[in-house]
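Asker: Right, I'll just put the structure down here and ask away after.
The values are calculated or read from the model by the stated rules, or taken from the named source; none is laboratory data. Everything quoted here is computed from the prediction, not taken from an experiment. Glycine also receives a Cβ, built like all others from the backbone with ideal geometry; neighbour counts cover every protein chain displayed. SASA here: full protein model, heavy atoms, side chains in, ligands and nucleic acids out. Shrake-Rupley method; radii C 1.70, N 1.55, O 1.52, S 1.80 Å.
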Amino acid sequence: MIPLLIKGGRVIDPSRKTDAVADLLVMDGKIAAVGTNIGTPDGAQVQDAKGKVVAPGLIDVHVHLREPGFEDLETIATGAAAAVAGGFTAVCAMPNTDPVIDNQSAVGFVLSRGKAAGKARVYPIGCITIGQKGERLAEFGEMVGAGAVAVSDDGKPVQSSHMMRTALEYAKVFGIPVADHCEDVSLAHGGAMHEGIVSMRLGLKGIPAAAEEIQVARDCILAELTGGHIHLCHMSTRGSVELIRRAKEKGLRVTAEAAPHHFTLTHERVEGYDTNAKMNPPLREEADREAIRQAVKDGTIDCIATDHAPHHYDAKEREFDDAPNGILGLETALGLAMRELVQPGVLTLPEMIYRMSTRPAQVFNLIGGTLAVGAPADVMIFDPGARWKVDAGHFCSKSRNTPFGGEELLGRNEMTLVDGRIVFQR
Amino acid sequence: MSAPTLGKDLVGLEGLSREQIELLLDTAEPFKEVSERQIKKVPALRGKTVVNLFFEASTRTRISFEFAEKRLSADTVSVAASGSSVSKGETLVDTARNLEAMRIDMVVIRHGASGAAKFLGDRIASNVINAGDGKHEHPTQGLLDILTLRDKFKKIEGLKVAICGDVLHSRVARSNIWGLTKLGAKVAVCGPPTLVPREITALGVEVLPHIEDAIAWADALNILRLQLERMEKGYIPSLREYNRVFGVTVDRLEKAPKDLLIMHPGPMNRGVEIDSAVADGPHSVILPQVTNGVAVRMAVLYLLAGGKPDGSAARAEES
């Protein structure tokens, strides 16, 4: 592998709290040196990064890659390609595929597909319960042994408090987080959007904020009872933020993520029954969106995760009640974070990279999130000033379901390295 | 100022202006008389093809639309969801495209999903008329209710109308609220808090907690049908108790300071939301509502087809 010298970029590394114009040398797949006036090794490729940001690659702890079972929507290969196009060097794949990832051989399958794709690192998340049925614990030990980095029944919220308690206790043996999709199913049942003035006008059944908050409260209480690590997925309400803040003040092992659409859009976006604005948890109110932004700023929300959810256009082209939940995230996350958080001054650039790279690596105990010498060279180079229009037709993902089509975003990834290999170049 | 017109579709009353609603009501007036003739037919829509696409069971609304279409001389086909390709899993968008390919002029759609009429209207060039979409709107019912109120009270401005019952699940309630408030009526809703959305006051309506309050306050009651499955879903304990607490009964009406006009969109659950003696009583306009339904639907069809709102269509005789 020939050495790569990235010259003259703004090198931001939240793990070492550094932010300065510098060169970065990649050799043998690792960060070999960071500094000014690094000599060009013989035969090295030189990449000019003037005016660009050089940062640890983004890490998304919540994506749906649809393989096995729904390969017409996305495959591990196309999802991993979408990831590196968006600046992500690692993604954690949720297990709600068909069959679900609830045993070691299924975990091994995801891992091997990810390696074969050779793009972003693909980390499998195993199920909490067998078949995501909420009845019996899956074999955490076997799955972790095969490469799982967390457990989750995402999409099938764990309703039994007993089951969540035992999951949190048992997961402590392996040091993995239990990631919960927080939803009281009896309250949310049949809901198609946030319960509020818009759902009332449109005549759609609403999902009250309480459906999420009740389970967030329960999970925090169980984290206190068990000492286990609960990771709260895609937080969407101001009430949830309040509950997490209190849990963190108590010193509980509670971490949380928020999705770009929840700090960007509100339930008004559903007007006209646009199914690309249908997701679960749903788009909430302005006060919720603002609370999520503040929580990302003050650390109540640890990381930004996309909940990348590919769907076929046919599936979204139908009555709102019948359309599936979710939107693509990997190829718009950086541009949205820049436009919605960095540009208005909610986050500084280093803070944004911390929430999208360094912090998710810490929370899920993953490689990456750092440019420390000796670390694997998972690096992104992006243009923070680039303004570009979203054209879903040019996505690397197999699907096209985004509510941001035609919108102008700020900041665009130009090059992605994983283990020092150039896996994406615009 | 140019005269108001309607757009391509009639999806709901929310999107209409006061002038457009008045245009519809005024256009309906002369059509009432057509239904009183020996030969109940005018040539206004001759050569036009209308499809009535009913994905939900309906007797009253479907027949009312069919009569309206036939009395305007349109060629019509009615499709019920069962017995068509819809029951074989065809998507709404495919159904729409197939209809379009047959070069139809108008579609009347009744569908269980909120937004279905708009969905269809956005995807085909034909005019689309919403005959009820989920819990969203039922604009022709709203219009016929308002026309019936106008017949009795001569004007809508300042009129007090209480909409009673399951507001949460009611498309009739939403269309009535939009239409009446745009025309300057005062609207209140009354029902168990489990069946009245918390945010409803944002539409400019008052929430009255007790049926006695509504009866004391209103000039007219529009009493919604209570779907029997609401009990199973836990919204109310029993029909018996619903009648006890929220039923419109003769006893309650006798205590009112004035006679109230009684409306119901049908079909009624006698002895649940409304007592038989009230439904059949002297102040009930439940059957005139049905009569007005045909005239209102003729007006909607006629105006969407580009007809002129000068009454000439109703004066024309079938030749």
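Per-residue answers, yes or no, for (1) touching a strand residue (DSSP E or B) at 6+ places or on another chain (Cβ under 8 Å); (2) closer than 15 Å to B:C164 by Cβ; (3) among the aromatic types (F, W, Y):
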position	(1), (2), (3)
B:E212	no, yes, no
B:L226	no, yes, no
B:G234	no, no, no
B:A256	no, yes, no
B:L261	yes, yes, no
B:M268	yes, yes, no
B:S284	yes, yes, no
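Asker: Among B:K70, B:K160, which is open to solvent by 50 Å² or more (accessible area, probe 1.4 Å), free of Cβ contacts under 8 Å to residues at least 40 places away in the same chain and either more than 10 Å from chain A (Cβ to nearest Cβ) or polar (S, T, N, Q) (or both)? I'd like the intermediate steps shown before the answer.
Answerer: Numbers: B:K160 fails: free of Cβ contacts under 8 Å to residues at least 40 places away in the same chain.
Of B:K70, B:K160, the one residue that is open to solvent by 50 Å² or more (accessible area, probe 1.4 Å), free of Cβ contacts under 8 Å to residues at least 40 places away in the same chain and either more than 10 Å from chain A (Cβ to nearest Cβ) or polar (S, T, N, Q) (or both) is B:K70.
Asker: Which residue is farthest from the other protein chains (Cβ to nearest Cβ), if the candidates are limited to region A:202-221 and must be open to solvent by less than 20 Å² (accessible area, probe 1.4 Å) and closer than 18 Å to A:K156 by Cβ?
Answerer: Going through the qualifying residues, I end up with A:D219.
Asker: Does region B:81-92 contain at least one residue that is in the same structural domain as B:F246 (by TED's automatic domain parsing) and on the phi > 0 side of the Ramachandran plot? It would help to see each step written out before you state the result.
Answerer: Our first condition is that a residue be in the same structural domain as B:F246 (by TED's automatic domain parsing); within region B:81-92, this holds for none.
There is no residue in region B:81-92 that is in the same structural domain as B:F246 (by TED's automatic domain parsing) and on the phi > 0 side of the Ramachandran plot.
Asker: Within 30 Å of B:R71 (Cβ to Cβ), within 24 Å of the chain's Cα centre (by Cα) and β-branched (V, I, T) - does that describe any residue in region B:236-257? Talk me through it step by step, then tell me what you get.
Answerer: Kept after step one, since they are within 30 Å of B:R71 (Cβ to Cβ), are these residues of region B:236-257: none.
Within region B:236-257, not a single residue is within 30 Å of B:R71 (Cβ to Cβ), within 24 Å of the chain's Cα centre (by Cα) and β-branched (V, I, T).
Asker: If the requirement is being touching a residue at least 40 places away in the same chain (Cβ under 8 Å), out of contact with any Asp or Glu (no Cβ under 7 Å at 6 or more places or on another chain) and part of a loop (DSSP other than H, G, I, E, B), which of these qualifies: A:L73, A:L24?
Answerer: Values: A:L24 fails: part of a loop (DSSP other than H, G, I, E, B).
Just a single option satisfies the conditions, and that option is A:L73.
Asker: Checking the structure you have, find out if any residue of region A:102-111 is surrounded by 19 or more Cβ atoms within 10 Å (Cβ to Cβ) and among the charged types (D, E, K, R).
Answerer: So far as region A:102-111 goes, yes, one or more of its residues are surrounded by 19 or more Cβ atoms within 10 Å (Cβ to Cβ) and among the charged types (D, E, K, R).
Asker: Based on this model, can you work out whether B:R110 counts as of a type in the set (K, R), within 14 Å of another protein chain (Cβ to nearest Cβ) and surrounded by 15 or more Cβ atoms within 10 Å (Cβ to Cβ)? Don't jump to the end; show me each part of the working.
Answerer: On the way: of a type in the set (K, R): yes; within 14 Å of another protein chain (Cβ to nearest Cβ): yes; surrounded by 15 or more Cβ atoms within 10 Å (Cβ to Cβ): yes.
It is true that B:R110 is of a type in the set (K, R), within 14 Å of another protein chain (Cβ to nearest Cβ) and surrounded by 15 or more Cβ atoms within 10 Å (Cβ to Cβ).
Asker: Further, regarding this structure: For a quick check of your reading of the model, give me the residue pairs whose first member lies in region A:392-405 and is touching a residue at least 24 places away in the same chain (Cβ under 8 Å) and at negative phi, whose second is open to solvent by 50 Å² or more (accessible area, probe 1.4 Å) and among the aromatic types (F, W, Y), with beta-carbon atoms closer than 9 Å and at least 6 apart or on different chains.
Answerer: A:S399/A:Y313; A:R400/A:Y313; A:N401/A:Y313
Asker: Would you check if B:G89 is within 14 Å of another protein chain (Cβ to nearest Cβ) and either in contact with a helix residue (DSSP H, G or I) (Cβ under 9 Å, 6 or more places away or on another chain) or crowded, with 17+ Cβ neighbours inside 10 Å (or both)?
Answerer: Details: within 14 Å of another protein chain (Cβ to nearest Cβ): yes; either in contact with a helix residue (DSSP H, G or I) (Cβ under 9 Å, 6 or more places away or on another chain) or crowded, with 17+ Cβ neighbours inside 10 Å (or both): no.
Criteria not met by B:G89.
Asker: Might you let me know whether region A:304-313 holds any residue that is without any contact (Cβ under 8 Å) to a residue 24 or more places away in the chain, under 25 Å from A:N401 (Cβ atoms) and within 14 Å of another protein chain (Cβ to nearest Cβ)?
Answerer: no
Asker: Among the residues of region A:140-148, are any open to solvent by 10 Å² or more (accessible area, probe 1.4 Å), touching a Lys or Arg at 6+ places or on another chain (Cβ under 8 Å) and within 24 Å of A:D307 (Cβ to Cβ)?
Answerer: Checking region A:140-148: not a single residue is open to solvent by 10 Å² or more (accessible area, probe 1.4 Å), touching a Lys or Arg at 6+ places or on another chain (Cβ under 8 Å) and within 24 Å of A:D307 (Cβ to Cβ).
Asker: Let me ask something else. Does A:I367 fit the bill of being open to solvent by 30 Å² or more (accessible area, probe 1.4 Å), β-branched (V, I, T) and part of a loop (DSSP other than H, G, I, E, B)?
Answerer: On the way: open to solvent by 30 Å² or more (accessible area, probe 1.4 Å): yes; β-branched (V, I, T): yes; part of a loop (DSSP other than H, G, I, E, B): yes.
So A:I367 passes the test.
Asker: Between a first residue in region B:12-31 that is touching a residue at least 60 places away in the same chain (Cβ under 8 Å) and a second residue that is surrounded by fewer than 18 Cβ atoms within 10 Å (Cβ to Cβ) and not in a helix (DSSP H, G or I), which pairs have beta carbons less than 6 Å apart while being 6 or more apart in sequence or on different chains?
Answerer: Taking only residues 6 or more apart or on different chains, the pairs are B:L23/B:P4; B:P30/B:G311.
Asker: Within the group A:E169, A:E195, which residue is open to solvent by 50 Å² or more (accessible area, probe 1.4 Å), within 14 Å of chain B (Cβ to nearest Cβ) and charged (D, E, K, R)? It would help to see each step written out before you state the result.
Answerer: Numbers: A:E169 fails: within 14 Å of chain B (Cβ to nearest Cβ).
Going through A:E169, A:E195 in turn, the sole match is A:E195.
Asker: Looking at (1) surrounded by fewer than 20 Cβ atoms within 10 Å (Cβ to Cβ); (2) under 24 Å from A:G8 (Cα atoms), which one does A:D298 not meet, given that it meets all the others?
Answerer: That leaves (2) as the condition not met.
Asker: Also, quick follow-up: Would you mind telling me which numbered condition in (1) under 21 Å from A:M338 (Cα atoms); (2) open to solvent by less than 40 Å² (accessible area, probe 1.4 Å); (3) part of a loop (DSSP other than H, G, I, E, B) A:A372 fails?
Answerer: (1)
Asker: If you don't mind, there's one more thing I want to ask. When the residues of region B:123-148 are filtered to those that are of a type in the set (S, T, N, Q) and under 20 Å from B:R225 (Cα atoms), which remaining residue is nearest to the other protein chains (Cβ to nearest Cβ)? Write out each step before concluding.
Answerer: Here is the first cut: in region B:123-148, the ones of a type in the set (S, T, N, Q) are B:126-127, B:130, B:140-141, B:148.
Retained after the next criterion (residues that are under 20 Å from B:R225 (Cα atoms)): B:130, B:140-141, B:148.
Working: B:N130: 11, B:T140: 16, B:Q141: 14, B:T148: 23 Å.
Here the answer is B:N130.
Asker: Given the conditions (1) in contact (Cβ under 8 Å) with a residue 12 or more places away in the chain; (2) out of contact with any strand residue (DSSP E or B) (no Cβ under 7 Å at 6 or more places or on another chain); (3) within 13 Å of another protein chain (Cβ to nearest Cβ), and given that B:L120 satisfies all but one, which numbered condition is not satisfied?
Answerer: That leaves (2) as the condition not met.
Asker: While we're looking at this one, here's another question. Do we have any residue at all in region A:229-237 that's free of Cβ contacts under 8 Å to residues at least 40 places away in the same chain and not hydrophobic (A, V, I, L, M, F, W, C)?
Answerer: Pass one, region A:229-237, residues free of Cβ contacts under 8 Å to residues at least 40 places away in the same chain: none.
No, there is no match, as no residue in region A:229-237 is free of Cβ contacts under 8 Å to residues at least 40 places away in the same chain and not hydrophobic (A, V, I, L, M, F, W, C).
Asker: Residues that are more than 30 Å from B:H111 (Cα to Cα), at least 2 per element: which helices (runs of 4 or more DSSP H) completely within region A:261-350 meet that? Lay out the reasoning, then the answer.
Answerer: Working: elements: A:286-298, A:313-316, A:333-337.
Because the criterion is at least 2 residues that are more than 30 Å from B:H111 (Cα to Cα), the helices (runs of 4 or more DSSP H) in region A:261-350 that meet it are A:286-298, A:333-337.
Asker: If you go through region B:56-66 one residue at a time, do you hit one that is touching a Leu at 6+ places or on another chain (Cβ under 7 Å), away from every other protein chain (no Cβ under 14 Å), open to solvent by less than 50 Å² (accessible area, probe 1.4 Å) and among the acidic types (D, E)? Give the derivation first.
Answerer: We begin by selecting, within region B:56-66, every residue touching a Leu at 6+ places or on another chain (Cβ under 7 Å); these are none.
No, region B:56-66 contains no residue that is touching a Leu at 6+ places or on another chain (Cβ under 7 Å), away from every other protein chain (no Cβ under 14 Å), open to solvent by less than 50 Å² (accessible area, probe 1.4 Å) and among the acidic types (D, E).
Asker: Return the residues of region B:214-235 that are of a type in the set (D, E, K, R) and either part of a strand (DSSP E or B) or in contact (Cβ under 8 Å) with a residue 24 or more places away in the chain (or both); say none if nothing qualifies.
Answerer: Within region B:214-235, the subset of a type in the set (D, E, K, R) is B:219, B:225, B:229-230, B:232-233.
Within region B:214-235, B:D219, B:R225, B:R230 meet the criteria.
Asker: Same structure again: Quick one: how many residues across region A:318-351 are more than 14 Å from chain B (Cβ to nearest Cβ) and within 28 Å of A:A77 (Cβ to Cβ)? Full working, then the answer.
Answerer: Of all residues in region A:318-351, those more than 14 Å from chain B (Cβ to nearest Cβ) come to A:325-351.
Next cut, within 28 Å of A:A77 (Cβ to Cβ) only: A:325-338.
The total comes to 14.
Asker: In addition: Looking only at region A:389-396, decide whether some residue is closer than 23 Å to A:V144 by Cβ, outside any helix (DSSP H, G or I) and either modelled with pLDDT of 95 or more or open to solvent by 10 Å² or more (accessible area, probe 1.4 Å) (or both). Write out each step before concluding.
Answerer: Our first condition is that a residue be closer than 23 Å to A:V144 by Cβ; within region A:389-396, this holds for none.
No: region A:389-396 contains no residue that is closer than 23 Å to A:V144 by Cβ, outside any helix (DSSP H, G or I) and either modelled with pLDDT of 95 or more or open to solvent by 10 Å² or more (accessible area, probe 1.4 Å) (or both).
Asker: So, one more: From the list A:A33, A:A44, A:A22, A:A49, exactly one residue is aliphatic (A, V, I, L, M), closer than 15 Å to A:D419 by Cα and either in contact with a strand residue (DSSP E or B) (Cβ under 7 Å, 6 or more places away or on another chain) or open to solvent by less than 20 Å² (accessible area, probe 1.4 Å) (or both). Which is it? Spell out how you get there, then give the answer.
Answerer: Working: A:A44 fails: closer than 15 Å to A:D419 by Cα; A:A22 fails: closer than 15 Å to A:D419 by Cα; A:A49 fails: closer than 15 Å to A:D419 by Cα.
It is A:A33.
Asker: Limited to region A:328-350, what total is found for residues that are over 16 Å from the mean Cα position of the chain (by Cα) and open to solvent by 10 Å² or more (accessible area, probe 1.4 Å)?
Answerer: Qualifying residue count for the region: 10.
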